[in-house]
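Here the structure is laid out as C-alpha cells; the discussion comes afterwards.
The values are calculated or read from the model by the stated rules, or taken from the named source; none is laboratory data. Everything quoted here is computed from the prediction, not taken from an experiment. We place every Cβ from the backbone using ideal geometry, glycine too, and count neighbours over all the protein chains shown.
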Amino acid sequence: MPSPVRVGLGYDIHRLVAGRKLILGGVEIPSEVGLEGHSDADALTHALADAVLGALALPDIGHFFPNTDPQYRGMDSQEILHRAVEEAKKRGYKIGNVDIAVLAEQPRLSPHVAKMKARLAATLGVTVEDVGLKATTNEGCDTIGAGEAIAAHAVVVLVRTE
C-alpha cells in the first residue's frame, strides 16, 4: 500500500550574471544581475520542483528538462513546477505544504516574499498559508555570500489523495 505521506528535499544554485532578468519564485525581482541558466534559471522554483519529484522517488528536473534540449531554452520555471505537481497528481498525491529557504546576499528579497508565496501557491494549487518561504543571506561566506550566486533549499510534503 502506498505511503499516506511522502517528503521530498530539493536544492538548486545558479550564478548571477549581467544581462539576465532575476526571476525567483516566478516573480521578476528588480536587479542589475540575473541568474544564469538554460531556462529562466529560477533557482527557488527549481529546488521546489526537485523536492516534489524527490518525494515521488523520481529523477530531478534535469532528467525531464535537459539543458541540452533547445525546446526548454528560456522556459518559465513555473511550468516545470506545474508539471512536477501533475506527476504527483497522476500518482495519487497532492501538495500538503512546502517550506523554502532562499539564500541571496543581494538583492534584498524580503519585500518580494509575499508576492513569491502567492505565485507559488497558485502553481502548486494550495493556499498561501501552505507555502513557507524565508529569504536569508549567507553572511558573506562562500560564492553566495560574495554575491556571485543564489541558492535555494526546499522541502515538500505530499499527501495521498486516494
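Worth a mention:
- The set of residues in the stretch 1-60 that are more than 14 Å from residue 102 (Cβ to Cβ) and of a type in the set (S, T, N, Q) comprises 3, 39.
- Conditions (1) part of a strand (DSSP E or B); (2) farther than 29 Å from residue 89 by Cβ; (3) more than 14 Å from the chain's Cα centre (by Cα); number of the one not met by residue 150: (3)
- Checked against the criterion of being closer than 20 Å to residue 144 by Cα, of a type in the set (Asp, Glu) and at pLDDT 95 or above, the candidates 86, 79, 36, 129 yield just one match: 36.
- Taken over the stretch 67-109, residues that are within 11 Å of the chain's Cα centre (by Cα) and of a type in the set (Ser, Thr, Tyr) amount to 1.
- Here the stretch 127-147 is the region considered, the condition is being β-branched (Val, Ile, Thr) and part of a loop (DSSP other than H, G, I, E, B), and the residue that is surrounded by the fewest Cβ atoms within 10 Å (Cβ to Cβ) is 127.
- Some residue of the stretch 23-42 being within 12 Å of the chain's Cα centre (by Cα) and farther than 18 Å from residue 122 by Cα: yes
- Of all the numbered requirements in (1) modelled with pLDDT of 95 or more; (2) touching a Phe, Trp or Tyr at 6+ places or on another chain (Cβ under 6 Å), residue 55 misses one, and that requirement is (2).
- Annotation: residue 74 fulfils all but one of (1) on the phi < 0 side of the Ramachandran plot; (2) surrounded by fewer than 16 Cβ atoms within 10 Å (Cβ to Cβ); (3) modelled with pLDDT under 95; the unmet one is (1).
- Scanning the stretch 57-109 for residues that are hydroxyl-bearing (Ser, Thr, Tyr) and touching a Ser or Thr at 6+ places or on another chain (Cβ under 7 Å) yields 72, 77, 93.
- Matching helices (runs of 4 or more DSSP H) fully within the stretch 11-126 where at least 1 residues are of a type in the set (Ser, Thr, Tyr) and touching a residue at least 40 places away in the same chain (Cβ under 8 Å): 43-55, 77-90, 113-124
- Residues that are without any contact (Cβ under 8 Å) to a residue 12 or more places away in the chain and either farther than 16 Å from residue 109 by Cβ or in contact with a Pro (Cβ under 6 Å, 6 or more places away or on another chain) (or both), drawn from the stretch 129-142: 129, 141, 142
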